[in-house]
Amino acid sequence: MPVQHIGQPLTVLESVDSSNNYAMGRVHARLASHGEAFFALEQTSGKGQRGRQWVTHPGENIMVSIVIDCAKLNPNAPFLLSMAMALACSDWFSSLAGDEVSLKWPNDLYWRDRKAGGILIENLWSGSNWQFAIVGIGININQVEFDPMAKKPVSLKQITGKSFDLMDCLADLFQALEKRWQQLLDGHTDQILEDYNNILFMRGMTARLRKESAIFETTIMGVTRYGELLTKDTFERSFAVGEIEWAWDVRTSP
């Protein structure tokens, strides 16, 4: 069988509730294979982290979901896939936006202190066997007007002053994703972890975090291969994805 790369084949969807939902449906129906991508020009119910909705203008941004065959990956450390995919997005975005790009834990794409995109991964398991992942990627490209209630969004066009062809952007993004995917398959997980922590948003800085109703200040130290956020204040602590939220009242240097 020929090797199937990320982004091949590519299906363009004029309008869909969620490209992740569409891709997962194809997987459940056994109609999708590794690397297949579904690019939505419009999403009516796009997904974000923690059940939030991802809202963008039709035809202006990247909204794509990719089917990943996880049979060869370590099922005990699924966050490594998240790291690899997020790094690929950062690799590509920083090639156009410059070196002020970072990754906010767990997997938001940031430029300075503004959100440029996000990655949402949904997994399909059969018992303890990790079968497939749907990697959903949303990146602001040409949009310049945003919901005033949105938390400091930014687009590639706002950063560079240029408009971009979405299909050209997708092709280059797929290349970056394939490179990081091969790095993961080849077992270079220490490098992936190091690269992720090197561009971790607010690493070494004091941040305000929220756990349930409590807000506290702590220094961001890094992220483990299992996706835990490491912090240090009076104590050294670790937090699993979904255990805490960012509180945006303040951002200070140490």
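The values are calculated or read from the model by the stated rules, or taken from the named source; none is laboratory data. From a predicted model like this one, the values you see are computed outputs, not experimental measurements. Virtual Cβ from ideal backbone geometry, glycine too; neighbours counted across all protein chains shown.
Just one of (1) surrounded by 12 or more Cβ atoms within 10 Å (Cβ to Cβ); (2) outside the structural domain of GLY35 (by TED's automatic domain parsing); (3) β-branched (Val, Ile, Thr) fails for VAL154. It is (2).
The residues in the range 144-170 that are outside any strand (DSSP E or B) and in contact with a strand residue (DSSP E or B) (Cβ under 9 Å, 6 or more places away or on another chain) can be counted, and the count is 14. For the range 1-10, the criterion of being modelled with pLDDT of 95 or more and either under 14 Å from ALA133 (Cβ atoms) or in contact with a Pro (Cβ under 6 Å, 6 or more places away or on another chain) (or both) is met by at least one residue. Among the numbered conditions (1) within 16 Å of MET83 (Cβ to Cβ); (2) modelled with pLDDT under 95, the only one that PRO254 does not meet is (1). The set of residues in the range 191-207 that are crowded, with 16+ Cβ neighbours inside 10 Å and either more than 21 Å from the chain's Cα centre (by Cα) or touching a residue at least 40 places away in the same chain (Cβ under 8 Å) (or both) comprises ILE192, LEU193, ASP195, TYR196, ILE199, LEU200, PHE201, MET202, THR206, ALA207. Quick check on the range 69-127: of everything there that is of a type in the set (Ser, Thr, Tyr) and closer than 21 Å to GLY222 by Cα, which residue is nearest to the chain's Cα centre (by Cα)? Among residues in the range 69-127 that are of a type in the set (Ser, Thr, Tyr) and closer than 21 Å to GLY222 by Cα, the one nearest to the chain's Cα centre (by Cα) is SER82. Taken over the range 118-142, the residue count meeting the criterion of being modelled with pLDDT under 95 and not in a strand (DSSP E or B) is 2. Of everything in the range 171-227, what is in a strand (DSSP E or B) and of a type in the set (Ser, Thr, Tyr)? Give them in sequence order. Within the range 171-227, THR206, THR218, THR219 meet the criteria. Restricting attention to the range 113-151, the residues that are surrounded by 14 or more Cβ atoms within 10 Å (Cβ to Cβ) and either touching a residue at least 40 places away in the same chain (Cβ under 8 Å) or hydrophobic (A, V, I, L, M, F, W, C) (or both) total 26.
Only a single criterion out of (1) free of Cβ contacts under 8 Å to residues at least 60 places away in the same chain; (2) surrounded by 23 or more Cβ atoms within 10 Å (Cβ to Cβ) is not satisfied by GLN182, namely (2).
Of all residues in the range 90-104, those that are assigned by TED's automatic domain parsing to the domain that holds ASN61 have Cβ atoms under 6 Å from Cβ atoms of residues that are of a type in the set (Asp, Glu), 6 or more apart or on another chain, in TRP92/ASP172.
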